[in-house]
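Engineer: Let me give you the structure first, and then I'll get to my questions.
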Amino acid sequence: MDGRVCMITGANSGIGKATAVGLAKMGASVVMVCRDRQRGEAAMAEIKAASGHQKVDLLLADLSSQASVRQLAQAFKARYPQLHVLINNAGIALGKRSLTIDGIETVFAVNYLAPFLLTHLLLDVLKASAPARVVNVAGDYHRRASINFDDLMSEQNYSRLRANNQAKLALILFTYELARRLDGTGVTANCLHPGAVATDAPSKDPDTSALARLMYKLVKPFFLSPEKGAETSIYLASSPQVEQVTGQYFIKKAPVPSSPESYDGAIAGRLWEVSVELTGLTA
Ligand SMILES: NC(=O)c1ccc[n+]([C@@H]2O[C@H](COP(=O)([O-])OP(=O)(O)OC[C@H]3O[C@@H](n4cnc5c(N)ncnc54)[C@H](OP(=O)(O)O)[C@@H]3O)[C@@H](O)[C@H]2O)c1
């Protein structure tokens with residue numbers, strides 16, 4: 001991975017941080033995207049120490065804000081002429097529905113629309129750097145979801161799982177549609193489920209109930225370590241075995257079928273159009 005530039009969103013904790021360490025160890029030039037300078041700088045120091053590699057950079061962005069995503073793409077392009085791997089890893093799960101500064105339901109905005117927008121804004125540099133890869137961190141609970149075009153923002157029916165699962169299904173539909181549209185460009189797009197990974201995600205949400213916190217504490221020892229959870233992201237970002245592979249969903253470094261709805265081209269096409277509108281992209 002020497003000389004390969006890899007951007008990882010949400011790289012200050014959990015799976016994203018472990019992915020950054022793994023790719024830095026392979027010699028990649030890692031660009032972390034984090035929303036908080038202090039947490040980002042602390043993680044950057046850890047990643048450098050753990051990998052023994054100094055080519056780790058930090059860009060700040062709040063992915064819930066489309067203006068911030070646009071600034072991130074600009075800031076990246078001002079610093080780097082090439083991008084070989086984009087890992088859309090950042091994600092949140094929220095117990096209470098909230099809206100972003102752009103008026104979009106927050107989980108849908110961070111877990112799906114931000115990857116959609118960021119990938120589009122970086123597509124020119126990805127194509128110019130081909131062979132290049134887009135890796136989207138989804139989740140297996142997408143199987144329980146359906147895209148509800150009448151209530152994409154979960155106004156009528158919100159729950160932590162519903163919002164997260166719909167956003168992850170949207171991310172998978174986007175990955176497959178992107179792979180189709182990028183055919184022949186040398187840029188691949190794949191997505192993955194990292195497994196059930198022990199991270200701090202549940203404790204970050206102030207609306208996680210005491211009971212849910214207790215239950216998570218009890219099951220956490222049985223979950224995968226972030227290092228183990230990062231293995232498929234690292235594999236998709238770096239392995240020569242998947243250099244030509246695109247439009248697939250992976251678990252434990254192996255392609256597996258995702259839900260039937262995730263393969264629906266009509267839904268993917270409609271979602272793409274809605275997402276272009278919601279992000280103000282012109283194409
Ligand atoms: N853990 C699991 O079992 C599991 C299972 C399936 C899928 N996943 C997916 O794996 C990915 C990584 O999750 P994780 O478990 O490693 O959780 P995590 O430790 O909470 O990592 C999530 C990362 O996303 C960042 N993030 C959240 N909102 C952001 C925003 N508005 N702007 C910028 N960054 C933001 C977080 O930053 P802060 O630290 O500042 O909050 C953090 O760095 C997520 O997409 C998650 O949905 C995880």
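Engineer: When ranked by the protection proxy of mean other Cβ atoms within 10 Å per residue, highest first, what sequence do the peptides 207-218, 40-51, 11-22, 191-202 form?
Structural biologist: Values: 207-218: 11.7, 40-51: 17.1, 11-22: 26.3, 191-202: 19.9.
Top of the packing list down: 11-22, 191-202, 40-51, 207-218.
Engineer: If you stretched the chain out fully between residue 128 and residue 42, how much longer would it get, using 0.36 nm times the residue separation minus the C-alpha to C-alpha distance?
Structural biologist: Working: separation 86, 0.36 × 86 = 30.96 nm, distance 3.23 nm.
27.7 nm is the gain from fully extending residue 128 to residue 42.
Engineer: Pairs of Cα atoms under 8 Å, at least six residues apart: use those to get the relative contact order of the stretch 159-283, whole percent.
Structural biologist: Values: 117 pairs, mean separation 43.7, N = 125.
Relative CO of the stretch 159-283 lands at 35 percent.
Engineer: With the crude spin-label approximation of a point 7 Å out along Cα→Cβ, what separation in nm comes out for residue 227 versus residue 252?
Structural biologist: 1.9 nm
Engineer: Report the label-to-label distance for residue 277 and residue 98 in nanometres (one decimal), using points 7 Å from each Cα along the Cα→Cβ vector.
Structural biologist: 2.7 nm
Engineer: Write down the percent of antiparallel bridges among all DSSP beta bridges whose residues are both part of the chain, to the nearest 5. Can you show the working numbers first?
Structural biologist: Details: 4 of 31 bridges.
Counting DSSP beta bridges with both partners in the chain, the antiparallel share is about 15 percent.
Engineer: Once you wrap a convex hull around the alpha carbon atoms of the stretch 187-281, what is its projected area averaged over all directions, in nm²? Intermediate results must be reported in sequence, preceding the final value.
Structural biologist: On the way: hull surface 35.5 nm².
Mean orientational projected area (the stretch 187-281, Cα hull): 8.9 nm².
Engineer: Which of these, 27, 184, 139, has the largest mean-square fluctuation under a Gaussian network model of the chain (Cα springs below 10 Å)?
Structural biologist: Taking springs between Cα atoms under 10 Å, the residue moving most is 184.
Engineer: Where the only charges are on Cβ atoms (+1 Lys, Arg; -1 Asp, Glu), what is the dipole of the chain about its Cα centre, to the nearest 20 debye? Walk me through the numbers before you get to the answer.
Structural biologist: Working: 30 positive and 25 negative charges, 148 e Å.
Once rounded to the nearest 20, the dipole reads 720 debye.
Engineer: Next question, about the same structure. Compute the distance in nm between two label points, each set 7 Å from the Cα along the Cα-to-Cβ direction, one at residue 156 and one at residue 211.
Structural biologist: Spacing of the two 7 Å Cα→Cβ label points: 2.7 nm.
Each value in this text was obtained by applying a stated rule to the coordinates, not by laboratory testing. What you see is a predicted model; the values in this text were computed from it and never measured. Positions of Cβ are generated from backbone atoms using ideal geometry, with glycine treated the same way; all protein chains shown enter the neighbour counts.
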